[in-house]
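To start, the structure under review is shown below, and the notes come after it.
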Amino acid sequence: MLGILIQLAVSWLILWLFQKKNLGVLGFYPTQQRLAYFALFLIITALCCASGFLLKMAFAKQRWTLNPVLTGQLIWAGIWWNIKSVLFEELIFRGAIFYALIKRIGQRRAILISAIGFGIYHWFSFGIIGNPTQMALIFFVTGIMGLVLAYGYAKSFSLLIPIAIHFGWNYTQQCIFSNGPIGKQILIPVLPQAAITVSYFTFFSILLLPIILMLGINYWLIRKMKKMEG
């Protein structure tokens, strides 16, 4: 939590020094319109993410069951871990510096710079430096997601939009289906998993279709989004 507070303090300083603005330009204030969009993007993203696991259940015969040691404390720990990690990344890549870039060099170039930085950042967060194939794949996928997240802020001037998308994807992956660095959460895979051979088309559909749907639907919703209040 201390790290987030330091980020907010640095963000305020950057905004004041370079744009004579305060943290209000990050759009955290929860108006009714912002909360409605937050809920919409969160639910859509979570459903798209969950579709990948449903495809695994349908075609790869994978199964998940409720974690037998699930507690309210464990659920909150997962929520809080994701809130901190999402806020950390959003304040870096879609925060004060991004706002200043939009005002200085224009929306399109600022979005591109933000997305490139987001893609490169994931080389380090995923620990794949030195593996060119993985680096290219991760840069492409997270870079495209960075484009959508940056567009969400640039269109609304509210970090609640990229936060909703980012949190919806991460929380569904890492906590609902326990597919992440924080261990067993709400649903856990039933072991041993069935050994099923699927076609390359099915394999890549399971792998790519959820994120393609998520990016495409969210991009379309952002384009159709009305101008934000306040």
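Values in this text are rule-based calculations from the coordinates and carry no lab data. Only a predicted model underlies this, so the values are computations on that prediction, with no experimental measurement involved. With ideal geometry, Cβ positions are generated from the backbone for all residues, glycine too; neighbour counts draw on all protein chains shown.
So for each of 191-198, 27-34 I average, over its residues, the number of other beta carbons within 10 Å; can you give me the resulting order with the highest mean first?
27-34, 191-198
Distance from the Cα centre of segment 71-103 to that of segment 1-18, in angstrom?
14 Å
Can you run phi through the Karplus equation (6.51, -1.76, 1.60; θ = phi - 60°) for segment 69-77 and list ³J(HN,Hα) in whole Hz, with x for Gly and Pro?
Listing the rounded values in order: 10, 5, 9, x, 5, 5, 4, 5, 4 Hz.
Subtract the Cα-Cα distance of L47 and W80 from 0.36 nm times their separation in residues, and report this length gain in nm to one decimal.
Result: 9.8 nm gained on full extension.
When the Kirkwood hydrodynamic radius is evaluated over all pairs of different C-alpha atoms of segment 108-230, what value in angstrom, to one decimal, is obtained?
Kirkwood hydrodynamic radius for segment 108-230: 16.4 Å.
Please enumerate, by chain and number, the lysines with C-alpha under 21 Å from the C-alpha of K224, excluding those fewer than 8 residues away in the same chain.
K155
Using r as the Cβ-Cβ distance of A9 and L209, and R0 as 41 Å, what FRET efficiency do you calculate, to the nearest 0.05?
FRET efficiency, A9 to L209: 0.50.
Cut-off under 23 Å on the C-alpha distance; same-chain residues fewer than 8 positions from K84 excluded. Which lysines are left, in chain and number order?
Correct list for K84: K184.
Of the peptides 108-119, 87-98, 214-225, how do they stack up when ordered by the mean number of other Cβ atoms within 10 Å, highest first?
Taking the mean over residues of other Cβ atoms within 10 Å, the ranking is 87-98, 108-119, 214-225.
Taking the Cα centre of the chain as origin and charging only Cβ (+1 Lys, Arg; -1 Asp, Glu), how large is the dipole, in debye to the nearest 20?
Taking the Cα centre of the chain as origin, the dipole is about 600 debye.
Once you list every other residue whose beta carbon is under 12 Å from the beta carbon of N218, what net charge do they have if Lys and Arg are +1 and Asp and Glu are -1?
Here the charged neighbours net out to +3.
If packing is taken as the average count of other Cβ atoms within 10 Å, what order do 137-143, 158-164 fall into, highest mean first?
With the highest mean Cβ count within 10 Å placed first, the list reads 158-164, 137-143.
Quick check: the distance between the Cα centres of segment 151-199 and segment 42-60, to the nearest angstrom?
Here the two parts' Cα centres lie 9 Å apart.
For an R0 of 45 angstrom, estimate the FRET efficiency from the Cβ-Cβ distance between L54 and K227 and round to the nearest 0.05.
0.80
When percent of Cα pairs over 29 Å apart is calculated directly from the model, which label among (1) 31; (2) 43; (3) 26 fits?
Step by step, percent of Cα pairs over 29 Å apart for this structure corresponds to label (1).
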